[in-house]
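Where a number appears in this text, it was derived from the coordinates with a stated rule and is not lab data. This structure is a prediction, so every number in the text was calculated from the model and none was measured. Backbone-built Cβ (ideal geometry, glycine too); neighbour counts: all protein chains shown.
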Amino acid sequence: MQELSAIKYEEKKSRFFAHLYFIESPQDFSDILESHKKMYKKAAHHCSALNIVSSKGEVIQEFKNDREVGNPGRILCSLLENNGLNSHVIVVSRLFGGIKLGPSGVTRAFRDAGDAAVSHYLEKKTMQD
């Protein structure tokens, strides 16, 4: 696994830390989640998504909402798919800031944080090409 991008995003005092990884195997997903739980011990939630094409050509998608409202894991999975990131994991860890965002606000904040990490990676990639 290789970290490609990491950003910090804030929404109503909550802090979201989004990381994008390149992976070679679906087994890397659990290792990445464990490292985030250690890295962001105070995070209330670690929402994540996996999108990878197996050696047999099968698309494997998985997402985790980590008890967060609004299905942010599914939104992160769509973000990977829509950007053609087929060997990737994205994890967004949320440190609660004391202001409730509601289901749609939570989903939007996780999407915006994930999108910022993906955009950051794609911009770096474009500059290197």
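Which residues, taken from the range 55-76, are without any contact (Cβ under 8 Å) to a residue 24 or more places away in the chain and of a type outside the set (Phe, Trp, Tyr)?
Here is the first cut: in the range 55-76, the ones without any contact (Cβ under 8 Å) to a residue 24 or more places away in the chain are 55-58, 61, 63, 65-67.
Once the filter is applied, which keeps residues that are without any contact (Cβ under 8 Å) to a residue 24 or more places away in the chain and of a type outside the set (Phe, Trp, Tyr), the range 55-76 yields Ser55, Lys56, Gly57, Glu58, Gln61, Asn65, Asp66, Arg67.
I'm checking my understanding of the structure. Among residues of the range 98-122 that are charged (D, E, K, R) and under 17 Å from the mean Cα position of the chain (by Cα), which one is farthest from His19 (Cα to Cα)? Give the steps one after another, and end with the answer.
Going residue by residue through the range 98-122, those that are charged (D, E, K, R) are 100, 108, 111-112, 115.
Cutting the leftovers down to under 17 Å from the mean Cα position of the chain (by Cα) gives us 108, 111-112, 115.
Working: Arg108: 17, Arg111: 12, Asp112: 12, Asp115: 10 Å.
The extreme case among them is Arg108.
Got a sec? Which strands (runs of 3 or more DSSP E) wholly within the range 1-91 have at least 1 residues that are small (Gly, Ala, Ser) and surrounded by fewer than 19 Cβ atoms within 10 Å (Cβ to Cβ)? I'd like the intermediate steps shown before the answer.
Values: elements: 2-11, 14-22, 45-53, 59-64.
Qualifying strands (runs of 3 or more DSSP E): 2-11.
I'm trying to understand the selection: among the residues of the range 92-116, which are buried (at least 16 other Cβ atoms within 10 Å of the Cβ) and among the small types (Gly, Ala, Ser)?
Result: Ser93, Gly105, Ala109, Ala113, Gly114, Ala116.
Only one residue in Ser93, Ser87 is in contact (Cβ under 8 Å) with a residue 40 or more places away in the chain, in contact with a strand residue (DSSP E or B) (Cβ under 8 Å, 6 or more places away or on another chain), under 16 Å from Asp112 (Cβ atoms) and among the hydroxyl-bearing types (Ser, Thr, Tyr), so which one is that?
Details: Ser87 fails: under 16 Å from Asp112 (Cβ atoms).
Being in contact (Cβ under 8 Å) with a residue 40 or more places away in the chain, in contact with a strand residue (DSSP E or B) (Cβ under 8 Å, 6 or more places away or on another chain), under 16 Å from Asp112 (Cβ atoms) and among the hydroxyl-bearing types (Ser, Thr, Tyr) holds for just one of Ser93, Ser87, which is Ser93.
Please state which of the following conditions Val69 fails to meet, knowing it meets all the rest: (1) more than 17 Å from Ile23 (Cβ to Cβ); (2) of a type in the set (A, V, I, L, M); (3) in contact with a Lys or Arg (Cβ under 9 Å, 6 or more places away or on another chain).
Going through the list (1) more than 17 Å from Ile23 (Cβ to Cβ); (2) of a type in the set (A, V, I, L, M); (3) in contact with a Lys or Arg (Cβ under 9 Å, 6 or more places away or on another chain), Val69 breaks only (3).
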